[in-house]
Amino acid sequence: KESIKNQYTDVIEVDNTSILINFASEGVGVGVIPNYLIKSNYIDKNIRISQTFDIERSMYIAYPYQNPLPRKLAEISTFIRSELSQVLKSESF
């Protein structure tokens, strides 16, 4: 876990929220999860919620075989990567 946290600099993409929550609770990274999971018992004491959004937004799903990605999906991917990068660089993380 420590080796991954210190040396891995790319994005790990998972398509399962329980895997994402397990990674985050083990300190492997950060992620975006649906707000209904934040309000439930799925969140343990090791996960820190840094930001919540009350506005409902559409979500687009990109599949690996879509290459190149459609414009909207490419923009969403760029946005998510930049947001995660900012969170990882913040002093409070």
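The values are calculated or read from the model by the stated rules, or taken from the named source; none is laboratory data. Note that the structure is a prediction, hence the values are computed from the model and not measured. Here Cβ is always computed from backbone atoms with ideal geometry, including for glycine, and neighbour counts include all displayed protein chains.
With respect to the conditions (1) of a type in the set (G, A, S); (2) more than 12 Å from the chain's Cα centre (by Cα); (3) modelled with pLDDT of 70 or more, A62 lacks only one, and its number is (3).
Given the structure, is L37 among the aliphatic types (A, V, I, L, M), within 25 Å of S3 (Cβ to Cβ) and modelled with pLDDT of 70 or more? No. As a summary of the residue check, N46 satisfies the conditions (1) of a type in the set (S, T, N, Q); (2) out of contact with any Asp or Glu (no Cβ under 9 Å at 6 or more places or on another chain); (3) modelled with pLDDT under 70 except for the one numbered (2).
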